[in-house]
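The values are calculated or read from the model by the stated rules, or taken from the named source; none is laboratory data. Only a predicted model underlies this, so the values are computations on that prediction, with no experimental measurement involved. All Cβ positions, even for glycine, are placed from backbone atoms using ideal geometry, and neighbour counts span all protein chains on display. Note: areas computed on protein heavy atoms with side chains; ligands, DNA, RNA excluded. Shrake-Rupley method; radii C 1.70, N 1.55, O 1.52, S 1.80 Å.
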Amino acid sequence: MRINKNYLDLQDSYLFSRISKKVADYKEKNPEKDIISLGIGDITLPLCEAVVRAMQAAVAEMGTKEGFKGYGPEQGYGFLRQAIVRYYQKRNVSLDPSEIFISDGAKSDLGNILDIFSVDNVVLIPDPVYPAYVDSNIMAGRKILYMDANEGNNFLPMPDESLKADIIYICSPNNPTGAVYNREQLQAWVDYAISCNAIILFDAAYEAFIQDNELPRSIYEIDGAKKCAIEFCSLSKTAGFTGVRCGYTIVPMELVYDSTALNKLWLRRQTTKFNGVPYIVQRGAEAVFSEEGYAQIRQNIAYYLENAKIISETLREMDVWFVGGKNSPYIWLKCPTGMTSWEYFDYLLENANVIGTPGSGFGKNGEGFFRLTSFGERQKIAEAMRRLSKI
Ligand code: PLP
């Protein structure tokens, strides 16, 4: 037996363990200090009422002879796929339920989708980036090219004719930078992908944070995208499902490569390796798309976005360069006075007792930058901003 040696090429992720260690050391020496974290990458508000009620009703249904459900359809129940079709229709994107695959979250499918692509494809990934894209391709042994996201392009890299790739990752609104592509920019990516027969893997995990109607929330709002893009969505940040686990992946019928429909391959892959998302969870997810549920989750998103606004306004007053903070829960700032990401981390921890995430943990272009998140409590965020202004 031989192991998959590609795993040995993975870099250990020291980012969050190093943060925890630094914070623990500081707390030990300064037990009286009140530390506020703006590094939280998880939602903090509870599930909305409509979702809880729907899941409770589903639990009760499962306890009856008539209502009990065993294995469900691998692709997801029709009621949820229909609800998602209606959700997209509101933005004039028409989908067929057979193009929607219910998942246990975007992370799984972003990695699993690679099963249906040949290993000799070249992959193009932005730097800095959500680390799962890089690691899942290293595990498979694919060649990775990086596209630079930096201050010069407002952390929104555009197609570069000199970088030829087959699989292109785009995340908008972006984690970690909070940057959001506009319609023209996404159109350029779609045109480029079609011109070189590449596929775009579009991560829309934060689409629900987009408030500006001019900004696309789905890649399928862009002409031609159904011919060259798979979209990954998640209810994690949209509706607080990080612990409940539900998302969906859209594989349009028009996606045809090597004379083969990708939808067919992905269906085959899912029916072989996946047994679907629990019925109870799918009923909860359905409630997210109901009128009542959607109004409730909008309130939670508005709460996080107001937090982001408080952070952004403070940074603007201090004349700190940043992107994000609008249409996104993330704020990506340039460390003041040329500090490195970790120097700024230490500076904030020691002088303001505030924690964030060093940008260098997301790729080489993250050096000198810092991520703040708006998922915390309002009062704490306001207090953290007062402390930042002071120092
Ligand atoms: N994509 C991005 C950009 C994320 O930031 C995250 C989670 O933080 C995910 C995907 C994973 O989401 P899920 O909880 O649906 O697996």
Exercise for the section: Give the number of residues within the stretch 193-209 that are open to solvent by 10 Å² or more (accessible area, probe 1.4 Å) and away from the ligand (no atom under 12 Å from the Cβ). Expected result: 4
Problem - Selection within the stretch 98-136 - in contact with a helix residue (DSSP H, G or I) (Cβ under 7 Å, 6 or more places away or on another chain), more than 13 Å from the ligand (Cβ to nearest atom) and over 17 Å from ALA229 (Cα atoms) - result: VAL119, ASP127
Completion exercise
If we keep only residues of the stretch 180-205 that are within 12 Å of the chain's Cα centre (by Cα) and of a type in the set (Gly, Ala, Ser), then the residue nearest to TYR220 (Cα to Cα) is ALA204
Practice task
Run down ARG142, ARG91 and say which single residue is away from the ligand (no atom under 14 Å from the Cβ) and touching a residue at least 40 places away in the same chain (Cβ under 8 Å).
Solution key: ARG91
Problem - Answer from LYS380, LYS390 - the residue that is more than 23 Å from the chain's Cα centre (by Cα), within 22 Å of SER236 (Cβ to Cβ) and open to solvent by 40 Å² or more (accessible area, probe 1.4 Å) - result: LYS380
Exercise for the section: Could you tell me which of the residues ASP166, ASP212, ASP203 is in contact with a strand residue (DSSP E or B) (Cβ under 9 Å, 6 or more places away or on another chain) and closer than 30 Å to ALA287 by Cβ? Expected result: ASP203
Problem - So TYR181, is it farther than 26 Å from PHE16 by Cα and either in contact with a Lys or Arg (Cβ under 8 Å, 6 or more places away or on another chain) or within 16 Å of the ligand (Cβ to nearest atom) (or both) - result: yes
Practice task
Could you pull out the residue among GLY376, GLY359, GLY363, GLY368 that is without any contact (Cβ under 8 Å) to a residue 40 or more places away in the chain and either touching a Phe, Trp or Tyr at 6+ places or on another chain (Cβ under 8 Å) or outside the structural domain of ASN175 (by TED's automatic domain parsing) (or both)?
Solution key: GLY368
Practice task
Test THR272 against the stated conditions and say whether it is assigned to a helix (DSSP H, G or I), under 19 Å from ARG53 (Cα atoms) and in the same structural domain as ILE113 (by TED's automatic domain parsing).
Solution key: no
Practice task
Would you mind stating whether ASP212 is open to solvent by 10 Å² or more (accessible area, probe 1.4 Å), away from the ligand (no atom under 14 Å from the Cβ) and either outside the structural domain of ASN154 (by TED's automatic domain parsing) or under 19 Å from SER312 (Cα atoms) (or both)?
Solution key: yes
Problem - Residue in the stretch 351-358 that is open to solvent by less than 10 Å² (accessible area, probe 1.4 Å) and among the β-branched types (Val, Ile, Thr) present - result: yes
Practice task
Scan the stretch 243-254 and give yes if some residue there is open to solvent by 10 Å² or more (accessible area, probe 1.4 Å) and of a type in the set (Asp, Glu), otherwise no.
Solution key: yes
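Residue-wise test of (1) aliphatic (A, V, I, L, M); (2) open to solvent by 10 Å² or more (accessible area, probe 1.4 Å); (3) over 20 Å from ILE40 (Cα atoms); (4) touching a Ser or Thr at 6+ places or on another chain (Cβ under 8 Å).
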position	(1), (2), (3), (4)
SER218	no, no, yes, no
GLY284	no, no, yes, no
PHE289	no, yes, yes, no
ILE297	yes, no, no, yes
Completion exercise
Given (1) in contact (Cβ under 8 Å) with a residue 40 or more places away in the chain; (2) open to solvent by 60 Å² or more (accessible area, probe 1.4 Å), TYR257 misses just (2)
